[in-house]
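Undergrad: Here it is, the structure in full.
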Amino acid sequence: MRYLPLTQDDRAGMLAKIGVDHIDALFADIPADKLLSSLPKLPAHKGEIEVERVMGRMAARNVTASSVPFFVGAGAYKHHVPATVDHLIQRSEFLTSYTPYQPEIAQGTLQYLFEFQTQVAALTGMDVANASMYDGSTGCGEAVLMAHRVTKRNKAVLSGGLHPHYASVVQTLSEMAQAEVVSLAPDLLAGEDLLSHIDETVSCVVVQTPDFFGNIRNLRAIADKCHAHGALLIAVFTEVMSLGLLTPPGEMGADIVVGEGQSIGNALNFGGPYVGLFATKSAYVRQMPGRLCGETMDAEGTRGYVLTLSTREQHIRRDKATSNICTNSGLCSLAFTIHMSLLGQTGLKRVAEINHANAVALADLLDGVSGVSVLNTSFFNEFIVRVPGNAAHFVEQMAARDVMAGVPVSRLLPDAGLDDVMLVASTEVNTDEDRAAFVDALKEVL
Amino acid sequence: MGETKYTEDHEYIRIEGDVVVVGISDYAQSQLGDVVFVELPKAGKKLAKGEEAAVVESVKAASEVYAPVSGEVLEVNAALEAQPGTINEDPEGTGWFIKLKLSDASELSGLMSEADYKTYLASIH
Amino acid sequence: MLNRQGRPTTPGTSVTAAHLTFTGNKALAQIEPLIFETGRLDVTGVDYAAPKPFTSRLGGMERKNEIGLPGLSEPEAMRHYVRLSQKNYGIDTGLFPLGSCTMKHNPRLNEKIARMPGFGDVHPLQPVSTVQGALEVMHTLSHWLMELTGMDAVALSPKAGAHGELCGMMAIKAAIAAKGESAMRNVVLVPDSAHGTNPATAALIHFVVKAVPVRDDGTVDPKVVAELAGPDTAAIMLTNPNTCGLFERDVLAIADAIHAAGGYFYADGANFNAIVGKTRPGDLGVDAMHINLHKTFSTPHGGGGPGAGPVVLSERLAPFAPVPFVRHTDEGFELVEDSAQATQHGAQAFGRMTAFHGQMGMYVRALAYMLSHGADGLRQASEDAVLNANYIRAGLADLMSLPFGNRPCMHEVLFDDAWLKDAGVTTLDFAKAMIDEGYHPMTVYFPLVVHGAMLIEPTESESRASLDLFIATLRDLAFSVQRGETERFTGAPYHAPVKRMDETRAARSPVLKYAPPAPIAEAAE
């Protein structure tokens, strides 16, 4: 077995040194009748060639995003990631290191986390960011619980424009934590009346922009009303690239900003691993979940970095911790940091413009197809389209014609009566040919 | 300066008439290590005996400070928020946490004297 | 021949004292500034063609202020992050005996496979007909996990170990609610030796945590559990093997005591790597257990994630598993994505843990690891992990103190600091001196039930020669302690890229992001 260095001679010699005559003497605490002799239903070990063949066969049964005109979004986006990023994150010292508990031999991880926190704070327009969460959706759940700790209230109001999976995660966590959730109905065109739900009993309002349906929202009035009633505004995004062009939530008065960072540095990976971004105001930093990296000095006065404010965390605070979270999304946050360092604000703005331009171009083409209409008045790189019939059916039929057209809204909101609406995303990877193929395939299936 | 009494949770209570000054003992600060943060109650808050009054944190530990007696918070040592190191340097002097107006003087009788506390410390080692 | 006129090829007279360098660098040990100090706002390392003219549809929400993030050209970025990587210690650098964390070899085959476009370049919301291979991975991984644990169902989606704990405890809460016992069953028993995530998880979803004292031999006493358990008991959260590196030998009696009280048995599977192929949690009375794919099944730790924490469930808890889950039908694989859909299949899903379907990238790596090892290799890996830990125990037991006596341990061996008493060297000092010797320290000060704990987990990835050198090094350090050479420890590490860090300073006045230095004029005021 190629991963196990010990030989049979080694094992025998080591057992002798330990002073036992059989390996099972070391497993003597396991009840004898529960000790297995083998695992008959599982196969024996395989060489690299065979493993690659078996796994490759499964991989071949999936249609890859790069192989077709691709317009699927709804919280995960197909972007180009520079080759440098994947090369660097595979360096042994990043890939095979642990959480930086021993800062003297983990300055590499700690320094990039400090860079990551700085980047996330700047993008969101907030004071401080943590070292990342598992993903946007779980970060959203944590943000709600944090708001409850800050306000000492326990009712969250969720916008109908919040990604349905995010809403489900918040709903599940709240139900279990005995907190109240008011979920507004799916809000196709950002017309909902959130303000009327804000009062002295509300802990936080959770609003996404660009929202699940692609609409760009101005959060200022909601922030003002929240603050007037002692509530917090949690601003959510699922497309971090939008922050290259849009007013950051921090400038609109958000108290906590949380979102998905996958678009920068990370592949689609069929949904994970991704990287949750989490930022807030300085005043609330001690109520924040997750790891935080801070600058300090070593014994000789050299600048360096450590994990800090750890007393918030489970390994010290146990049942009084701000969260049970243990890790962050280390390597994905490294990918984010490297990609963001390559982009800089100049590159980010440019790629965000291309995303928007491609989405506008596609929207204009689709508006020209008879029976089809783009519903949004504003959007970044994703919008909703009403089609004459069942959107899920059209998406399937277009996939059969090698075009990944988007996501039928009914897949995430089966009971909302939105069977004829689909979400379409367009990023920098799309070309004129892709758009033409989309329109051709759509006309064929209509 | 009045008499000082101690709890088994290593808080001290200095009695100044019907007002008591509460903080953590020298032993407590030495066990915690460098204090980096304290969270104090608001003046005016009424605390029941045993209720969480403050939180004190070092780099690697956090512990709650419980009200050793019942009473109303008259004053908190706000200077600690900027200079938490005071708790290490002078725990039973300038490193005090809160002043309480005693609501039930009989609660004092259950506390340890300085001599008893020293014996107690010796016993837990 | 060339050498006769060219450069010398022997070291010549050796220099004994290092001199200070102009740059502050020490050859390969480079000082590296932050990107915010070297990058420029108008630089980018990614080239894009300008978009064709278009009419913006941003609804008037354009960003007005600059972001303020500089960029780097590609060579600058490459050098910056390579230099940072060189300040890190990884498994590939050397023995990484971090107890409870299982720092075993990360096969690169798994990285290669995870990067196949058919896995890496697939969107979670593509039509199900276009992702049959991805669903097959999930289905196959589930099969392996159920076979290895002897359990009835698996919820794959939790993103990490602590998230898996949360998922398992939510399933228990949902099962209690379904029986109408929510009001009375709200206490969770957690041994003192447990990971901090256990009480934090239970408290997060409003269970009341009751501590279970650990008996003198480092294990849980079933009689104590039986006394503490009652009609208010929701569950016990038991790590087995436990964090003292010992198998809970009374696990069957503990399970019986909890079940007799009407509660559930949650097992923290952080240490499952010691017993894979040797015994099955399902045969030991476990109702739910999370599995850290990044520990037992070797997906890379990545400097703190991403992990993955699938949860296996007993028959009693299986119906409550969250969405999504995969079903295998005659037409292929299908994905059940919402609770209403789950109900049609007879399930009572308690909700959803995360967007999409979990850590696919980790599923692929873990499955490749399982296929590579096979049933025989996984069992051998467990045996070797246990053998290696005991070999270290045998090599150090005469010098370092074992809190529970010199008896067999599982995959990790726990020492305490009794042997350091009055030596002027703490557990932390000892750990830092290991850094100078080229080792990552063991886990220190955990578990909390042991004073000055040192928890050593060598894993199965170490050769006998590697273990011999490690043992010899720790013996040398121990002799050094005995000789009173305290400065070797109290000032350590001497040879790391930085000296010991001031954590007090970091926590007293937190600096959590880069702030540009104030302009000179302002600073002069």
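Undergrad: How many Å² of accessible area per residue for segment A:83-339, probe 1.4 Å? If you can, show how the numbers build up before the last one.
TA: On the way: 5820 Å² over 257 residues.
Dividing the accessible area of segment A:83-339 by its residue count gives 23 Å².
Undergrad: Any idea how many Lys pairs in chain A come in under 23 angstrom at the alpha carbon, given 8 or more places apart or on separate chains?
TA: Pairs that pass both the separation and distance tests number 9.
Undergrad: Which of the residues in segment C:62-80 show a loss of at least 20 Å² in accessible area from their chain by itself to the complete set of protein chains, at a probe of 1.4 Å?
TA: Hits at the 20 Å² cut-off: C:63, C:65, C:67, C:69, C:72, C:74, C:77, C:78.
Undergrad: Given R₀ = 41 Å, FRET efficiency for residue C:451-residue B:3 by Cβ-Cβ distance, to 0.05?
TA: On the way: r = 35 Å, r/R0 = 0.84.
Efficiency at R0 = 41 Å is approximately 0.75.
Undergrad: Place a point 7 Å from the Cα of residue A:33 along the Cα-to-Cβ direction; which residues of segment C:272-304 have their backbone N under 20 Å from it?
TA: C:278-287
Undergrad: Between exposed trypsin sites (Lys or Arg not before Pro) in chain A, where DSSP calls loop and at most 14 other Cβ atoms lie within 10 Å, what's the longest gap? List each step's numbers first, then the result.
TA: Numbers: sites that count: A:2, A:41, A:152.
In short, A:153-446.
Undergrad: Under 17 Å Cα-Cα from residue C:421, which aspartates and glutamates qualify once same-chain neighbours fewer than 8 residues away are excluded?
TA: Output for residue C:421: C:398, C:429, C:485, C:487.
Undergrad: Just from its helices, what would the mean residue ellipticity at 222 nm be for chain A, if runs of 4 or more DSSP H residues each count -39500 (n - 2.57) and the sum is divided by every residue, rounded to the nearest 500 deg cm²/dmol?
TA: Working: 13 runs with 160 residues, N = 446.
About -11000 deg cm²/dmol.
Undergrad: Based on the alpha-carbon gyration tensor of segment C:125-184 and its eigenvalue square roots a ≥ b ≥ c, which shape applies: rounded if a/c is under 1.5, prolate if not and a/b is larger than b/c, or oblate? Intermediate results must be reported in sequence, preceding the final value.
TA: Working: a/c = 2.42, a/b = 1.89, b/c = 1.28.
Because a/c hits 1.5 or more and a/b exceeds b/c, segment C:125-184 counts as prolate.
Undergrad: Give me the angle, in degrees from 0 to 90, between the Cα long axis of helix A:330-367 and the longest principal axis of the Cα atoms of chain A, rounded to the nearest 10.
TA: Tilt of helix A:330-367: around 30 degrees.
Undergrad: Looking at segment B:1-49, which GluC sites (Glu not before Pro) are DSSP coil and have at most 13 other C-beta atoms within 10 Å of their C-beta? Show your work: numbers first, answer last.
TA: On the way: sites: B:3, B:8, B:11, B:16, B:39; in loops: B:3, B:8.
Answer in residue order: B:3, B:8.
Undergrad: Going 7 Å from the Cα of residue C:47 toward and past its Cβ, which residues in segment C:74-91 have a backbone nitrogen under 16 Å from where you end up?
TA: C:74-76
Undergrad: If you don't mind, there's one more thing I want to ask. Relative to the present Cα-Cα distance, how much length would full extension add between residue C:330 and residue C:482 at 0.36 nm per residue of separation? Walk me through the intermediate numbers first.
TA: Details: separation 152, 0.36 × 152 = 54.72 nm, distance 6.98 nm.
So the extension gain works out to 47.7 nm.
Undergrad: So if R0 is 22 Å, what FRET efficiency would residue A:53 and residue C:152 give, r being the distance between their Cβ atoms, rounded to the nearest 0.05? Don't jump to the answer; show the numbers that get you there.
TA: Details: r = 31 Å, r/R0 = 1.40.
E between residue A:53 and residue C:152, to the nearest 0.05, is 0.10.
Undergrad: So which aspartates and glutamates pass the test for residue B:45, namely a Cα distance under 17 Å, with those fewer than 8 places away in the same chain ruled out?
TA: Partners found: B:18, B:64, B:72, B:75, B:104.
Undergrad: Which GluC sites (Glu not before Pro) in segment A:172-218 sit in a loop by DSSP (not H, G, I, E or B) and have at most 13 other Cβ atoms within 10 Å of their own Cβ?
TA: Answer by residue number: A:200.
Undergrad: Using a ≥ b ≥ c from the Cα gyration tensor of chain C (square roots of the eigenvalues), is it rounded, prolate or oblate, where a/c under 1.5 gives rounded and otherwise the larger of a/b and b/c decides, a/b for prolate?
TA: oblate
Undergrad: Residues of segment A:280-299 that become at least 20 Å² less accessible with every protein chain present than in their own chain isolated, using 1.4 Å: which are they?
TA: By number: A:286, A:295, A:296, A:297, A:298, A:299.
Undergrad: Could I ask something else about it? Using a 10 angstrom Cβ neighbour count of at most 12 plus a DSSP loop assignment to flag exposed trypsin sites (Lys or Arg not before Pro), which longest range of chain C is free of such sites? Walk me through the numbers on the way to the answer.
TA: Numbers: sites that count: C:64, C:179, C:421, C:483.
Excluding the exposed sites themselves, the longest stretch runs over C:180-420.
Undergrad: Let's see if you can work this out: charge +1 on each Lys and Arg Cβ, -1 on each Asp and Glu Cβ, no other charges. What is the dipole magnitude of segment A:315-438 about its Cα centre, in debye to the nearest 20?
TA: Details: 9 positive and 14 negative charges, 157 e Å.
Dipole of segment A:315-438, to the nearest 20 debye: 760 debye.
Undergrad: Of A:20, A:361, A:421, which is farthest towards the positive pole of chain A's charge dipole, taken about the Cα centre with +1 and -1 on the beta-carbons of Lys, Arg and Asp, Glu respectively?
TA: A:20
Undergrad: Using the Cα centre as the reference, give the magnitude of the dipole from point charges on the C-beta atoms of the protein assembly as shown (Lys, Arg: +1; Asp, Glu: -1; all else neutral), rounded to the nearest 20 debye.
TA: On the way: 87 positive and 128 negative charges, 309 e Å.
That gives a dipole near 1480 debye.
Undergrad: Further, regarding this structure: What GluC sites (Glu not before Pro) in segment C:268-377 are in a loop by DSSP, with at most 16 other Cβ atoms within 10 Å of the Cβ?
TA: Sites meeting the loop and neighbour criteria: C:315, C:331.
Undergrad: How far, in nm, would the chain grow between residue C:86 and residue C:399 when pulled straight, counting 0.36 nm per residue and subtracting the alpha carbon separation? Let's see the in-between values first.
TA: Working: separation 313, 0.36 × 313 = 112.68 nm, distance 3.39 nm.
Working it through step by step, the gained length comes to 109.3 nm.
Undergrad: Separate question: For residue C:38, put the label point 7 Å out on the Cα→Cβ axis and report which residues of segment A:278-318 keep their amide N under 17 Å from it.
TA: Flagged as within label range: A:303-305.
Undergrad: Here's another thing I want to ask about it. For the full complex of protein chains and a 1.4 angstrom probe, list A:393, A:229 by accessible area with the highest value first. Could you put the intermediate results ahead of the total?
TA: Numbers: A:393 95, A:229 45 Å².
These residues rank, largest area first, as A:393, A:229.
Undergrad: Taking all protein chains as present, what is the carbon and sulfur share of the accessible area of chain C, in % to the nearest whole number, probe 1.4 Å?
TA: Values: 10400 of 18990 Å².
Of all accessible area on chain C, carbon and sulfur atoms account for 55 percent.
Undergrad: Mind grabbing the interface size between A and C? I mean buried accessible area, both sides, 1.4 Å probe, in Å² to the nearest hundred.
TA: Working: alone 22440 and 27720 Å², together 32980 Å².
Buried area (both sides, nearest 100 Å²): 17200 Å².
Undergrad: Follow-up. Let a ≥ b ≥ c be the square roots of the eigenvalues of the Cα gyration tensor of the protein assembly as shown; is it rounded (a/c under 1.5), or, if not, prolate (a/b larger than b/c) or oblate?
TA: On the way: a/c = 1.34, a/b = 1.23, b/c = 1.09.
Rounded shape, in that the Cα axes give a/c under 1.5.
Undergrad: Something else: Under unit Cβ charges (Lys, Arg +1; Asp, Glu -1), what dipole magnitude, rounded to 20 debye, does segment A:83-339 have relative to its Cα centre? Write out the running numbers ahead of the final one.
TA: Details: 16 positive and 25 negative charges, 104 e Å.
Here segment A:83-339 has a charge dipole of around 500 debye.
Undergrad: Membrane-span-like helices in chain C: DSSP H runs reaching 24 Å or more (Cα, own axis), mean Kyte hydropathy at least -1.0? Spell out each step's value before the answer.
TA: On the way: long enough: C:132-149 (25 Å, 0.26); C:161-178 (25 Å, 1.01); C:360-396 (41 Å, 0.15); C:464-482 (27 Å, 0.69).
Once both thresholds are applied, what remains is C:132-149, C:161-178, C:360-396, C:464-482.
The values are calculated or read from the model by the stated rules, or taken from the named source; none is laboratory data. None of the values given here were measured: they were computed from a predicted structure. Reconstructed Cβ throughout: ideal geometry from the backbone, glycine too, with neighbour counts over all protein chains shown. Just so you know, the surface numbers come from the protein's heavy atoms only, side chains and all, with ligands and any DNA or RNA stripped out. Shrake-Rupley method; radii C 1.70, N 1.55, O 1.52, S 1.80 Å.
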